[in-house]
């Protein structure tokens, strides 16, 4: 294929794709680093623009506490839900001069960029470089893209997963053993340090290393020690974890197989399906005109790496079992590390369908970049607003204002003028929330966190005893047990107006003999 058969058409397209694929193979690492760098830049720009959301606001407020001891106390009181090291890392970013948005998000941005490059390295050691590019782009089509800019530790967990995979792969192949073991141990320990369930990352490596020991008939003790490093972190955190667990309440994420499977599919698989379908159709057509397979028969994963990928793929099931029998909840992001194995499995599946040819894989990479770019353009004007606006009538009346939604309450705590948010109260009742909406973990979080966030959180019974007339402001749909309880207690509600998004303002009058039930 030295000259194109025609200026236009499938064969001409294949010719140009083949030339680009040759160039990518020659400069594989530079291309992958460029993509990872571009990913980091795009994520950093988004991170700088987006307003903080509920979880991030909790993160930054805890990170700003005056003393390190205060952060440990807030974690023990379950004021949020992450371990101390995560808040300390955000605190360190603030100390470097970053504003709140970047301080809370840049570590996730960096972790995600590292993750994508590590996926490239893991795959391209066995397959053509263009397939490594496909692997590093795939997670951006899924819910992982959200966590690339989220001020929570999930981007860091992905980075740790990528580093651990590449290092274990190097160890199993005998490459740069000493450096690989150090980085491998650091990655697993870091994962456990920034998220209470980060220790689960050790599980797939324990399975893969057990298989490696079986094959070699010899224990690699430094690697075993690295796999055990999260246990040291758990031992340090144990007192904090045990105390926080007693104050967690009932979480909204139910650990049952049906809801868990749906959550995993919606987070990791379904968002990528339209683009993958288009890729498979275009790739099939290109394959008919492509060159012979590259390195035929030499691109299958070694047995140990195959076991590692399968064990990683099973991590959501491990997290579900842990949620079912130990912690009492499950959310798909708790096993976000499984996205690494899914990217590898999908990449190898694409390679099989494309007969390991480079041209359709390169076209797939271009399609993913185009899909991601279009998604960013489409959503560039819908990043969000910084605060909800309470209608003026409530602000000028002097009557108490109860906020019915934790997300609204904390968003106003962070963004609204102190003269406004200090007039607001969150009315809490774990019992009523559990009875009416099926969970009360947010209620306990608001109660326990109030001493660290400087917020006014008042028990429901106390609030309605003290105030016969007041306003209620908040989301009419999600988590709004308060309005339902007030109606049950005979209150009169008059809709006054709406704020931003779904928030509404009601004037409430309690019956003269009304009591909470």
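Please report, ordered by residue number, the strands (runs of 3 or more DSSP E) entirely within the stretch 434-503 with at least 1 residues that are modelled with pLDDT of 95 or more, under 30 Å from the mean Cα position of the chain (by Cα) and closer than 22 Å to residue 81 by Cβ.
Where strands (runs of 3 or more DSSP E) fall fully within the stretch 434-503 and carry at least 1 residues being modelled with pLDDT of 95 or more, under 30 Å from the mean Cα position of the chain (by Cα) and closer than 22 Å to residue 81 by Cβ, they are 457-459.
Given 445, 494, 482, which one is more than 24 Å from residue 70 (Cα to Cα) and surrounded by 15 or more Cβ atoms within 10 Å (Cβ to Cβ)?
After applying the criteria, what remains is 482.
Yes/no per residue for (1) surrounded by fewer than 20 Cβ atoms within 10 Å (Cβ to Cβ); (2) closer than 27 Å to residue 54 by Cα:
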position: 146; (1), (2): yes, yes
position: 151; (1), (2): no, yes
position: 173; (1), (2): yes, no
position: 179; (1), (2): yes, no
position: 182; (1), (2): yes, no
position: 186; (1), (2): yes, no
position: 217; (1), (2): yes, no
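Could you grab me the full set of residues in the stretch 408-420 that are more than 29 Å from the chain's Cα centre (by Cα) and either in contact (Cβ under 8 Å) with a residue 12 or more places away in the chain or outside any helix (DSSP H, G or I) (or both)?
417, 420
Would you check if residue 170 is modelled with pLDDT of 95 or more, within 21 Å of residue 126 (Cβ to Cβ) and in the same structural domain as residue 273 (by TED's automatic domain parsing)?
Criteria met by residue 170.
Please determine, by comparing only the residues of the stretch 73-116 that are surrounded by fewer than 24 Cβ atoms within 10 Å (Cβ to Cβ) and within 11 Å of residue 159 (Cβ to Cβ), which one is farthest from the chain's Cα centre (by Cα).
114
Can you tell me which of 36, 28, 48 is under 25 Å from the mean Cα position of the chain (by Cα) and either closer than 30 Å to residue 128 by Cβ or buried (at least 18 other Cβ atoms within 10 Å of the Cβ) (or both)?
Going through 36, 28, 48 in turn, just one is under 25 Å from the mean Cα position of the chain (by Cα) and either closer than 30 Å to residue 128 by Cβ or buried (at least 18 other Cβ atoms within 10 Å of the Cβ) (or both): 36.
Where the second residue is surrounded by fewer than 23 Cβ atoms within 10 Å (Cβ to Cβ) and assigned to a helix (DSSP H, G or I) and the first is free of Cβ contacts under 8 Å to residues at least 24 places away in the same chain and not assigned by TED's automatic domain parsing to the domain that holds residue 332 and lies in the stretch 180-205, which pairs have Cβ atoms under 7 Å and are six or more apart or on separate chains?
none
Here are some conditions: (1) within 22 Å of the chain's Cα centre (by Cα); (2) closer than 24 Å to residue 52 by Cα; (3) surrounded by 16 or more Cβ atoms within 10 Å (Cβ to Cβ). Residue 338 meets all but one. Which one does it not meet?
The one condition residue 338 does not meet is (2).
The values are calculated or read from the model by the stated rules, or taken from the named source; none is laboratory data. Everything numeric in this text was worked out from a predicted model, so none of it was measured. Cβ: placed from backbone, ideal geometry, glycine included. Neighbour counts: every protein chain shown.
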